[in-house]
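Here is the structure we will look at, set down as structure tokens.
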Amino acid sequence: FIPNPRPKKPINPAELAEKVADAKKLQRKTKPFIEQAKGAAKKVLIGASVVAAFEVYKNSVKGSTYPYISYPRELYRDSIPKAQSAFYDGDDENFGDEEHIGNKMYSWGMMTSSVNDLMSEFQACPNSAISCTEEEYASEYNKDQLLSQDPNFGLGEDGNIAPDYDERVVASFTGGKAMTGMKVRGTSGAHEDTILLTFSGGGHSVEFSFSSEESTSKNHYDLHVSLHGEASNAHDLRWSGLLGLPIQLGLSSQGIDDKQKWTFTKDMSYDRSFFWNKYGKLSTLYSLGDPHLGDKFVVQVASDTRFGTPVFITKGGRSLCPGEPFTVWREAGIEFTPLQSMELTDLNPDDRAILVLSIKNEAMHREAAPLGLRLVDGLIETVHKIVDVAYANADAFRSAEDVLQGILDVTNKSVARDAPVVEKMVKVARDAVDAKKTAFEAAADVNDASVDAPALGSEMHDLEFLVMYEWLPPLGDVVPLKFSDGDSLRSQQHARNTSFTMSIGRGPTALSKLKYIRLQLVSLCEFDLSESRNFNREPIGDTIDLGTISWLTSCPEVSFTKKTLQDHIATQYISKQQPDEPIFEFGVNFDASSDNLERVLLQYRKPGEEWDAWRQTDGEEMNLKANFIEKGGWFKWNINDNKLLSGFNDGEYEVRAKSFCTGGSNAIPSTQFAITSEVLTLVVDTTP
């Protein structure tokens, strides 16, 4: 079998041109993929250059600033400059690394000139001595030693802080612990504790920022599918015998292969990749500052375990307005001194009570502060405190005995301890203890008893309070006292006093006796804050009891009854020859329930002589007040009791009634006595 050889097809120019066009189309289609590959290669090169540039940048700034400000502190300690480099960085060409020389744009610490000034002013003695000579100081602490590389030289009381010790810086910003440099009793070796931050007020602030970005979760998967197909066809013609070799030579001369193989191969592949990554970004900026000049705060920086943000814990300091917790309140310590007042009891009805008040400035720095004055109802204040302390003990799951003890602690210090409602509340608490009641039941009973308290401000009705000629409303605003005295900030040694006067005037319907009124001194700034109801405590201040203030009242009027005036409209004659007893009947009117009324007397006299009183048989004056209710205001006077019928006392007499009241030595007559406006006439005749 001799197959027909496949003749070679001559090249057609048109077909060649068509294949060239197809090749160009393929080139155009593949060009974007080639460009993408080039772009990816460029990105790889750019990324590599960025990483390299960052490494160079990181190494270049490592000695001059923090690459990171906060977390995690263990990883960034190497980035903190050494203490001596940081302290003397900037303008000293004879000190520091070459990278720091002449760097006047940025400095970690003070300039050399500032440090030299500090060293010339600051004195420290060796070995924690209280005092030392200048030579001893110079030999122990000076700039040369501070900058020396002597490994035995250390800072702090214990001398354990080496100049290159950098953990204190990290700990102060992250809430960590480091050597304090302090000597602590009962311990040996270097003392480690939390390092605190401090900042001052005055309007400026110190800002710190922290940012982080990290991959919190990631995953990926790849899918690769490939197919490979191949088809082949081969033949091998072999000739043998005498004709084999000539035939093979003949086929070869004609270009016909006696061995052929056709192979068709097709490859197909499919790739799919999926990547995802979750990043967490955190950026924190906090500013430490306070607007008040002179304020100072010491804080500990900690971290929120959930969000990683800074948490600030106040550890100490001083604050102005408002007074911050865990700090010294600069306005605290301005207090009243004991009252220096005139006699405030038994004042005449139209007199004003004058109180001379004084404020002593014993604040921390003796600095003056604007203050305010307000009136306080001491009785109602005590009632509220009793209720509060009762429920406070109940809320703490204590016993009724604890409730009673808390109430007694309040009342013993209160100006209103003798008020009826306060005594009732104490009694109710005692009864609750005797009845074995719970703390909540005792507190509820005490609260129910408080409803008997008078209305707020009842004791201050119709009273006029003037402070420095300013009206102080009992239930109104405060009166400002803006210019209290204080010591110089250069001295801060003497407690200065500020004195002012307060006067109280009484209206016609006011009470005649005051016992529970108090005057409160408050920080004017904090009082303004408390008015917004966004204040969780009472304003800083002090309170003083005004004590007992009383006014005399006019002596009750006394008058003869209408019947008496009618019966004695004419002169009454009494003679010894009368068959009946010599009786002078009369009736009087007066307020027998008045507290200041002592006695009421019937008086008589001959015109122009001294008044004498109706006397009983024992010679004692007849007090009409004592027998007023029993007699119904009607009395019978046997004039012979006064021996008017002795034969030596004949004549005409004037008769009147007079009331006598309690009063001081300076009391005006209207508060001491009252006399009937009518005078009766009596004639005694004993002649036969």
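Being in contact with a strand residue (DSSP E or B) (Cβ under 6 Å, 6 or more places away or on another chain), assigned to a loop (DSSP other than H, G, I, E, B) and closer than 23 Å to Gln340 by Cβ is the filter here; which residues of the stretch 350-367 pass it?
Arg352, Ala363
Among the residues that make up the stretch 304-311, is at least one of them more than 21 Å from Gln520 (Cα to Cα), open to solvent by 40 Å² or more (accessible area, probe 1.4 Å), in a strand (DSSP E or B) and touching a Pro at 6+ places or on another chain (Cβ under 8 Å)?
No; the residues of the stretch 304-311 include none that is more than 21 Å from Gln520 (Cα to Cα), open to solvent by 40 Å² or more (accessible area, probe 1.4 Å), in a strand (DSSP E or B) and touching a Pro at 6+ places or on another chain (Cβ under 8 Å).
Taking into account only those residues within the stretch 218-268 that are more than 30 Å from Lys278 (Cα to Cα), exposed (fewer than 10 other Cβ atoms within 10 Å of the Cβ) and of a type in the set (Asp, Glu), which is modelled with the lowest pLDDT?
Asp236
For the stretch 312-326, give me each residue that is open to solvent by less than 30 Å² (accessible area, probe 1.4 Å), in a strand (DSSP E or B) and under 22 Å from Gly372 (Cβ atoms).
Ser319
If the Cβ limit is 6 Å and pairs must be 6+ apart or interchain, which residue in the stretch 154-180 that is under 20 Å from Val301 (Cβ atoms) pairs with which residue that is at pLDDT below 70 and among the aliphatic types (A, V, I, L, M)?
Every condition considered, the pairs that remain are Asp166/Ile80; Val169/Ile80.
Tell me the strands (runs of 3 or more DSSP E) entirely within the stretch 441-553 that contain at least 2 residues that are of a type in the set (A, V, I, L, M), in contact (Cβ under 8 Å) with a residue 40 or more places away in the chain and open to solvent by less than 30 Å² (accessible area, probe 1.4 Å).
Correct list: 463-467, 479-481, 497-506, 517-523.
Looking for something farther than 29 Å from Thr345 by Cβ, modelled with pLDDT under 90 and of a type outside the set (Val, Ile, Thr) - is there at least one such residue anywhere in the stretch 496-508?
The answer is yes; a qualifying residue exists.
What is the one condition in (1) open to solvent by 50 Å² or more (accessible area, probe 1.4 Å); (2) at pLDDT 80 or above; (3) not in a strand (DSSP E or B) that Thr564 does not satisfy?
It is condition (1) that Thr564 fails.
Please list, ordered by first then second residue, the pairs with beta carbon atoms under 6 Å, 6 or more apart or interchain, first in the stretch 309-322 and over 24 Å from Leu293 (Cβ atoms), second crowded, with 20+ Cβ neighbours inside 10 Å.
Hits for this filter: Pro310/Val301.
Which count do you get for residues in the stretch 433-489 that are closer than 25 Å to Phe527 by Cα, over 29 Å from the mean Cα position of the chain (by Cα) and charged (D, E, K, R)?
Number satisfying all stated conditions: 3.
Out of curiosity, is Ser414 in contact (Cβ under 8 Å) with a residue 40 or more places away in the chain and crowded, with 16+ Cβ neighbours inside 10 Å?
no
Just the residues that are among the β-branched types (Val, Ile, Thr) and either surrounded by fewer than 22 Cβ atoms within 10 Å (Cβ to Cβ) or outside any helix (DSSP H, G or I) (or both), please, taken from the stretch 368-408.
Val376, Ile380, Val387, Val389
How many residues, within the stretch 338-367, are open to solvent by less than 60 Å² (accessible area, probe 1.4 Å) and either among the small types (Gly, Ala, Ser) or over 14 Å from Met502 (Cβ atoms) (or both)?
Matching residues across the stretch 338-367 total 12.
Considering each residue of the stretch 327-342, count those that are part of a loop (DSSP other than H, G, I, E, B) and either under 23 Å from the mean Cα position of the chain (by Cα) or in contact (Cβ under 8 Å) with a residue 12 or more places away in the chain (or both), and give that number.
Number satisfying all stated conditions: 8.
Identify all residues within the stretch 653-671 that are open to solvent by less than 60 Å² (accessible area, probe 1.4 Å) and over 55 Å from the mean Cα position of the chain (by Cα); write none if there are none.
The answer is Tyr653, Glu654, Val655, Arg656, Ala657, Lys658, Ser659, Phe660.
The values are calculated or read from the model by the stated rules, or taken from the named source; none is laboratory data. What you see is a predicted model; the values in this text were computed from it and never measured. All Cβ positions, glycine included, derive from the backbone under ideal geometry; neighbour counts span all protein chains shown. These accessible areas exclude ligands, DNA and RNA; they are computed on the full protein's heavy atoms, side chains included. Shrake-Rupley method; radii C 1.70, N 1.55, O 1.52, S 1.80 Å.
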